[in-house]
1. Of 138, 372, 223, which has the largest mean-square fluctuation in a 10 Å C-alpha GNM of the chain?
2. Please give the Cα centre distance for region 158-219 versus region 129-144, rounded to the nearest Å.
3. For each of 50, 63, 169, count neighbouring Cβ atoms within 10 Å of the residue's Cβ, then give the residues from fewest to most.
4. Determine the relative contact order of region 61-196: mean sequence separation of Cα pairs under 8 Å and six or more apart, normalised by residue count, in whole percent.
5. Please compute the alpha carbon radius of gyration of region 1-116, then divide it by the globular-protein estimate 2.2 N^0.38 Å. Two decimals is fine.
6. Taking Cα atoms, how many degrees apart are the long axis of helix 273-290 and the longest axis of the chain, rounded to 10 and kept between 0 and 90?
7. Could you tell me which of rounded, prolate or oblate describes region 277-360, using a ≥ b ≥ c as the square roots of the eigenvalues of the alpha-carbon gyration tensor, with rounded for a/c under 1.5 and, failing that, prolate when a/b is larger than b/c and oblate otherwise?
8. Apply 1/(1 + (r/R0)^6) to the Cβ-Cβ distance of residue 7 and residue 276, taking R0 = 22 Å, and write down the FRET efficiency to the nearest 0.05.
C-alpha cells in the first residue's frame, strides 16, 4: 500500500486548511506583539533610555518570531499553489509595502544607536513604528478584501489573470475597517507584552493605550460582523463537489447571497466559539490590563487573536480566496490544493519540524524570561540595543 493513501485526499485538504490557520495565528500571536510593541514605541517611551528599554523587550526574540511568517508563506506556496499565485502576484504592491516595512525593523534595531544624535535616533524610532504599523494595517486590509472577493479569474487552461489596478483599490471602507481592527488587536497584544516585560512609566503608558486599543478591538470586531451580515455578499457552492478529486476551480458553480458568510454558523453552531473567543478574549484583556496583570492580559489578547482570525476562516470555509469578477474561479479547500502525495509528504515534515520549532522557541523564552532592567541598560548599554 502507498503510504499517502492512508489518509484520504479530502481529509488531507482539511488538515492543511487547519494547519494554514495555525501558522497564520502563530505568526499573529508570536510576531504580533513585536509589531504592536513597535507601533507603541513613540507613544509609550519619551526618552532615549525608555525607547531603548522598549526595543530590548523584543530585540532578542523578534527574528525567531518571524519564522511563523516564513512558514505560512511556504505552506501557501507548497500546499495551495493557486492561492500563492493569486495573492502574491495580485497583491504585489501590498506585499512590497509589507516587506519594505519589515525590512525597516532589523535596520532600525542595528542603526539607531550608531550615532549619538537625538535626531538620528528619533528618525529610526519612527522607522521602527512604520515597521510595526504598516504590516499590521496592510495584512488586515488584505483580509478585508479577501472577504469581499478579489478581482481575478481563470481561463479554460486554468491560467490566472488578476484584473485589479492599484494598491489604493484595496483601501476600501471595509478593507480599512479590517486593517484598523488588525492594528488595534496587535497594539492591545503589544501593550500586554510591555506590561509583562517593563515597569514604571512605560508599563503605565502601555496600560493606558492598551486599554483603549482593547475597546477599539471590541468595537471594530462587532461592527465588522454586522457589516459582513448586512452589507457584504458571501459565496456559496451550488453544485456537487468532488472533495477528493483533482484540483480544478472551474469544476463547480458558485452563487453570491447576502449573509452567506454566516451560513456556517447556522449549520454548525460550535463555530460560534470563534467570534465568542475573539470578543471575550479582548474583553478579558481589557479587564486584566486595567488590573495591572500584564502577563494574563497578553494571554487573553492571544486568545482574542485566535478567535478573530478563526472567525474569518470559519466564515469563509470552504472558500480560501473568492473571486469578485468570476465567482466560479473562486478558490476553495477542495479545488486549490497540491496533489495528494505532496500534502502527505508536507504533513510528515510538519509533524517532525514544528515540534522542534516549538521546543526551541519555548527554551529561548525560558532563558530570556524576566523584565527588562532599565538600570542595566543604562549601566552597560554597549550590550543592548
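What follows draws every value from the coordinates through simple rules; no lab data is involved. Remember, it's a predicted structure, so these values are computed and weren't measured experimentally. Quick reminder, even Gly has a Cβ in these numbers, built from the backbone with ideal geometry, and neighbours come from all protein chains shown.
1. 223
2. For region 158-219 versus region 129-144, the Cα centre distance is 7 Å.
3. Working: 50 19, 63 14, 169 11.
The most exposed by this proxy come first: 169, 63, 50.
4. Computed value for region 61-196: 24 percent relative contact order.
5. Working: Rg = 18.8 Å, N = 116, 2.2 N^0.38 = 13.4 Å.
Normalised by 2.2 N^0.38 Å, the Cα Rg of region 1-116 equals 1.40.
6. For 273-290 against the chain, the angle is about 10 degrees.
7. Details: a/c = 5.00, a/b = 1.49, b/c = 3.35.
Cα axes put region 277-360 in the oblate bin.
8. Details: r = 31 Å, r/R0 = 1.41.
Once the sixth-power term is evaluated, E becomes 0.10.
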